[in-house]
Amino acid sequence: MFEIDVNLLLSLFWFAISIGVLVPGLWLLFDGQTNISIVNVVLQRFYLFGKLKNATKDKKNVLGDVSKSYFLHFYLVGLLINVPLFVFYRCSFAIYILFICHMLRRLYECFYIHRYGSNSTMSFIHYLIGIVHYPTVGLTIIVDHYYGHKHFSLGSTYLALFIFINASFVQYRVHSALANARRTKTETYPIPNGFWLFEYFSCPNYIAEIFIYISFYLLSQHTLSFISLTIWVIVNQSLSALLTHRWYRQHYGALYPAKRCALIPLIF
């Protein structure tokens, strides 16, 4: 009887969306253009979001755009699916608890921290990926548990907890600083300030997200599906950081702090 390798299927899924994001992301990052206008329009409208989407010439909302406030749906759906999965399977206790804590914090931020402008939108494709992401992460955690054979070390567990707590704190502080800036500034997207990491990075919240998933990886069985999940997060968040950093530099020009970088200080 033919058996489905769920670990392989999940790996292919994460790799597929990584490539699906990486190729158009690099194309936009290096200002790629084609002679086929519809391709340029599709990339601009369905890949970019928020300030990046608003920077395009066609700023009006189009069919398929949704408000960025719908981010809260990602965490609501993620919690509604993952909490029962955790209760039913009772596996990978450490990762699942941290993952649920991460979703709860992000849900709290959506309700009480974030400030979304009326014109701040994302495409339905972004929305769909976000809705699918969190339940699929939960499934990957379960599959990783059943396909893996790695023995945990106390050192890696403590390191993962240290990274998770600090990265979560950084992300919360960055989101709070961004929201406070929008309350007090006339600019829709003011130059980020209010937290010390803004001295060096344009988007420390994206970097923090990468480290949060690295902490999950340290607690995992290091199966192919979990490796591909981690690669997906690194690719997605890195491109978001690079595109946002470029937007700030183009929008503010000489006013933008020269020493700020996208991902790695003094490099890029």
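Taken together, the values in this text are just the output of simple stated rules run on the coordinates, not laboratory data. Since the structure is predicted, the reported quantities are computational estimates derived from the model, not experimental observations. Here the Cβ is made from the backbone with ideal geometry for all residues, glycine too, and neighbour counts use every protein chain on show.
Close amide H partners of THR121, meaning residues 5 or more places away or on another chain with modelled amide H under 5 Å apart, are GLY50, LYS68.
Backbone amide hydrogens, once placed in the peptide plane, bring CYS261 within less than 5 Å of PHE201, SER202, excluding anything fewer than 5 places away on its chain.
Neighbour counting of Cβ atoms within 10 Å sorts the residues SER220, SER156, SER228, fewest neighbours leading, into SER156, SER228, SER220. Computed from phi, the 3J(HN,Hα) profile of the range 240-255 under the Karplus parametrisation 6.51, -1.76, 1.60 (θ = phi - 60°) reads 4, 5, 5, 5, 5, 4, 5, 4, 4, 5, 6, 6, 9, x, 5, 6 Hz, with x in place of Gly and Pro.
Note: relative contact order over the range 66-204, using C-alpha pairs below 8 Å and six or more positions apart, is 30 percent.
Within the range 197-239, the chymotrypsin sites (Phe, Trp or Tyr not before Pro) that combine a DSSP coil assignment with at most 15 other C-beta atoms in a 10 angstrom radius are TYR200. For the range 206-230, backbone nitrogen atoms closer than 14 Å to the point 7 Å from PHE162 Cα along Cα-to-C-beta are found at 215. Protection proxy ranking, highest mean first, for peptides 134-142, 239-247, 87-95: 134-142, 239-247, 87-95, where packing is the per-residue count of other beta-carbon atoms within 10 Å, averaged.
Residue by residue, the range 133-144 carries 3J(HN,Hα) couplings of 4, 5, x, 6, 4, x, 4, 5, 4, 5, 4, 4 Hz when phi is fed to the Karplus relation 6.51 cos²θ - 1.76 cosθ + 1.60 (θ = phi - 60°); x denotes Gly or Pro. Once the Cα-Cα distance is subtracted from the 0.36 nm per residue extended length, the ILE113 to ILE264 segment shows a gain of 51.7 nm.
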